[in-house]
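Contents: one structure, followed by commentary.
The values are calculated or read from the model by the stated rules, or taken from the named source; none is laboratory data. What you see is a predicted model; the values in this text were computed from it and never measured. As a convention, Cβ positions derive from the backbone with ideal geometry for all residues, glycine included, and neighbour counts pool all protein chains shown. Side chains included, ligands, DNA and RNA excluded: accessible areas come from the protein's heavy atoms. Shrake-Rupley method; radii C 1.70, N 1.55, O 1.52, S 1.80 Å.
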Amino acid sequence: MRQLVGPGTALLRRLREPAPPQPERCEFCDVRLPGEHRHLADRDERSLVCVCTACALLLRQPGAAEGRYRGLSERYLADPEHQLTEIHWQALRIPVSCAFLFRDTALERLVTLYPSPAGAAESELDEAASQALLDASRLAAALEPDTEALLLRRTEGRIDCYLVPIDVCYELVGRLRLCWHGFDGGAQARAELDGFFARLAERTATPRVEVLS
């Protein structure tokens, strides 16, 4: 049986195909952004906004937007001598092997998030557990609120601890969401984690003790 091909067939085929991703634009001046671009932390909305270089520099000026927006850090630090243990990890009460923590000035507390198939999910810690985590790594004393995070990963026999710009953590969450399968993410998500942390280890520096004391 011959398949009839009419003038509308190609149109129907195109409608079934997913729409191509739209280019990201600056959320202030609407200029088109490159793949690698800047972000600002919006303290009122507890979110990140994509911005062009010009808007980023403008909004980082003292008094701009009443201090609502903060530029993100560019530091990548590692703490191989941290004192985080399995007890600290169990206190996080998360079902996966990765989490990140940051100081939220709007909530005036430490926030703990972890990757999930729905995006970043929050694990609520009590004050004692939060303080114990902070005391276990010297990086915590250098953590800039809203813009930097402690990124943790638990693997067999060890816990890795990094201080990174907070948008790096949300990038990881987005990557894992695209390949998540099953309860813990599955083999593809674990491979994505391995690659992500391998690249992270290559670009991090180990800070001097006196810098963070």
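General observations
- Every listed requirement among (1) open to solvent by 60 Å² or more (accessible area, probe 1.4 Å); (2) touching a strand residue (DSSP E or B) at 6+ places or on another chain (Cβ under 8 Å); (3) small (Gly, Ala, Ser) is met by Ser130 save one, (1).
- Residue in segment 123-137 that is in a strand (DSSP E or B), farther than 24 Å from Val49 by Cα and of a type in the set (S, T, N, Q) present: no
- Every residue from segment 143-157 that is under 14 Å from Tyr170 (Cβ atoms) and in a strand (DSSP E or B): Glu148, Ala149, Leu151
- Criterion (among the hydrophobic types (A, V, I, L, M, F, W, C), open to solvent by less than 90 Å² (accessible area, probe 1.4 Å), modelled with pLDDT under 80 and at negative phi) met by exactly one of Ala10, Ala91, Ala78: Ala10
- Segment 27-38 - residue that is in contact with a strand residue (DSSP E or B) (Cβ under 7 Å, 6 or more places away or on another chain) and over 17 Å from Thr147 (Cα atoms) and, of those, most open to solvent (accessible area, probe 1.4 Å): Arg32
- Test for Leu107: is it touching a helix residue (DSSP H, G or I) at 6+ places or on another chain (Cβ under 7 Å) and not in a strand (DSSP E or B): no
- Filtering segment 80-91 for residues that are assigned to a loop (DSSP other than H, G, I, E, B) and within 19 Å of the chain's Cα centre (by Cα) leaves an empty set.
- Scanning segment 39-75 for residues that are among the β-branched types (Val, Ile, Thr) and surrounded by 17 or more Cβ atoms within 10 Å (Cβ to Cβ) returns Val49, Val51.
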